[in-house]
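In what follows, a structure is listed as structure tokens, so that the remarks can point back to it.
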Amino acid sequence: MVHDDFISKRITELRIKKGVSEYKMSLDLGHSKNYIQHIANGHSRPSVTELMYICEYFGIEPKDFFDEGNENPALVQRTLNNIKDMDDEDLIMLNNLIERWYKQKR
């Protein structure tokens, strides 16, 4: 279950990572200058439709918005999109690199 303040905190976290102000994000989404500020302060919540636009704004899927363990969902999404375009040889090379990196971290 999503806590009352999760959505506002998540929007703030993603907004800061994107490097945009509440004011700019509000205007970019086609709202008044205080729209995101009202959400961040808990005075209002976005509709489901508006939350979809917010996810699109951040370049993420809704499932990534609600994944608290994913600290940089836009970067993960971009990386996954790039991986999908790789051929088998490149995927094997990338997988080997990732496995070697994990072994070194342990």
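The values are calculated or read from the model by the stated rules, or taken from the named source; none is laboratory data. The structure presented is a predicted model; accordingly, all values stated were derived computationally and were not measured. All Cβ positions, glycine included, derive from the backbone under ideal geometry; neighbour counts span all protein chains shown. To get the accessible areas, we keep the full protein, side chains included, count just its heavy atoms, and leave off ligands, DNA and RNA. Shrake-Rupley method; radii C 1.70, N 1.55, O 1.52, S 1.80 Å.
If you go through segment 72-106 and keep only what is touching a helix residue (DSSP H, G or I) at 6+ places or on another chain (Cβ under 8 Å) and closer than 30 Å to S26 by Cα, you end up with N72, P73, A74, V76, Q77.
Where helices (runs of 4 or more DSSP H) fall entirely within segment 29-106, those with at least 2 residues that are of a type in the set (S, T, N, Q) and open to solvent by 60 Å² or more (accessible area, probe 1.4 Å) are at 73-84, 88-105. Only residues that are of a type outside the set (A, V, I, L, M), open to solvent by 60 Å² or more (accessible area, probe 1.4 Å) and farther than 11 Å from Y57 by Cβ were counted in segment 14-23, giving 3.
The requirement of being modelled with pLDDT of 90 or more and of a type in the set (D, E, K, R) is fulfilled nowhere in segment 65-82; no residue meets it.
Condition test on S26, is it touching a Ser or Thr at 6+ places or on another chain (Cβ under 9 Å) and outside any helix (DSSP H, G or I)? No.
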